[in-house]
Amino acid sequence: MPDILCPTCGAALTLGSRRWLCPKGHCFDVARQGYVNLLPVTQKHSLHPGDTREQVVARRTFLEAGFYEPLAQAVCQAARRYGKNAKAILDAGCGEGYYSAQIARALPRAALYGLDISKDAVRLAAGRYKSGTWICGTAAHLPFPSGSLDLILSMFALTVPEEFHRVLTPGGVYLQVLAAEDHLLGLKKIIYPELLRRQKDASPDLPGFALVERRPISFSFTVEGLQIQNLLAMTPHFWRITREGAQRLAALSCLTDRASAVLCAYRPV
């Protein structure tokens, strides 16, 4: 298992049952749910960064209902293909842990680490999934030594190519899932008065990486009742929706939509 580094001084932390301690005396308590907060104030951009508890709970309710199961299956297939010999894997931007737990079951011999900037997210992940090491932190400053991780997963989350390249082993793989341009068009047509088409690159060139696979993933699903609001809450549209858009969405009893994403596998070069 790789060392976990102190966010204050960069020294390796000694992992205890109730606290993590570095040689210089910096101490980080393990929360009752089992996660540790390694996000210093200097790395925060707001008082409560990341998704709110409302969003995290909505995402868990939606994902555990199985609506995005085809996406989870595709990610697990890729993880088995590229990480069959992996010893340490990181879900960077793990949210409430749904995809992390799927990866842990796909690669049971690898040590799983989940990291998210939202304390509410890692709290729920740690409380539900006991097989991982859960950290509140930022992907821009990963608390891992260089060359210590075999696989990194990022699901609709922040990509930091330089930092991911630093922590990956030379033969490691970065699995990135981004929304395609036509992702959730049904939802967007309801909540916005008009759709603005913007060029979107779902398989971008990443400095220090070579693209080895690009796989589109697309499937339809139908949600009813409160799951419509849960779908909204787990998207960036939650922050952008107008009052009129929210009213139109609230009037719906059923919504059929299409998820469209791109799964890319990159290797460091």
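In whole angstrom, note down how far apart the Cα centers of segment 156-215 and segment 49-96 are. Taking the Cα centre of each part, segment 156-215 and segment 49-96 sit 15 Å apart.
Note on segment 99-129 and segment 253-269: Cα centroid distance 20 Å, given to the nearest whole angstrom. Packing here is the average count of other Cβ atoms within 10 Å per residue, and on that basis the peptides 65-75, 204-214, highest first, run 65-75, 204-214. Ranked by the mean number of other Cβ atoms within 10 Å per residue, highest first, peptides 11-18, 27-34 order as 27-34, 11-18.
Left without a cysteine partner by the 4.7 Å Cβ rule in the chain: 9, 27, 76, 94, 136, 254, 264. For the chain, complete DSSP H runs whose alpha carbons reach 15 Å or more along their own long axis and whose mean Kyte-Doolittle score is -0.5 or higher are 69-83.
What segment 190-256 shows is 66 Å² of accessible area per residue, with the surface traced by a 1.4 Å probe over protein heavy atoms. Rounded to the nearest 500, the helix-only mean residue ellipticity at 222 nm of the chain stands at -8500 deg cm²/dmol, with each DSSP H run of n ≥ 4 adding -39,500 (n - 2.57).
In whole angstrom, segment 35-124 maps to an equivalent ellipsoid with semi-axes of 25, 17, 9, each derived as √(5λ) from the alpha carbon gyration tensor and ordered largest first. Within the assembled protein chains, the solvent-accessible surface assigned to residue 188 is about 30 Å², based on a 1.4 Å probe. Each of 158, 38, 94 was placed along the dipole of the chain (beta-carbon charges, centred on the mean Cα), and the one lying farthest toward the positive end is 38.
Ignoring aspartates and glutamates fewer than eight residues from residue 189 along the same chain, the ones with Cα atoms less than 15 angstrom from its Cα are 181, 244, 257. What fraction of the DSSP beta bridges in the chain is antiparallel, stated in percent and rounded to the nearest 5? Beta bridges within the chain, antiparallel portion: roughly 55 percent.
Where nothing but the Cβ of Lys and Arg (+1) and of Asp and Glu (-1) is charged, how large is the charge dipole of segment 100-187 around its Cα centre, in debye to the nearest 20? Walk me through the numbers before you get to the answer.
Details: 7 positive and 7 negative charges, 107 e Å.
Charge dipole, segment 100-187, about its Cα centre: 520 debye, nearest 20.
Spin-label pair residue 246-residue 195: with each label point 7 Å from Cα along the Cα-Cβ axis, the two points sit 2.4 nm from one another. Only Lys, Arg, Asp and Glu carry charge here, each on its Cβ (+1 for the first two, -1 for the last two); on that basis the chain has a dipole of about 420 debye about its Cα centre. Using a probe radius of 1.4 angstrom, the carbon and sulfur fraction of the accessible surface of the chain is 52%.
Give the value in nm², to one decimal: projected area of the alpha carbon convex hull of the chain, averaged over all directions. Before the final figure, lay out each step's value.
Values: hull surface 56.2 nm².
Average projection, Cα convex hull of the chain: 14.1 nm².
The values are calculated or read from the model by the stated rules, or taken from the named source; none is laboratory data. Fair warning: this is a prediction, and the values are worked out from it, not measured in the lab. Every residue, glycine among them, receives a Cβ derived from its backbone with ideal geometry; neighbour counts consider all protein chains shown. Accessible surface areas use protein heavy atoms only, side chains included; no ligands, DNA or RNA. Shrake-Rupley method; radii C 1.70, N 1.55, O 1.52, S 1.80 Å.
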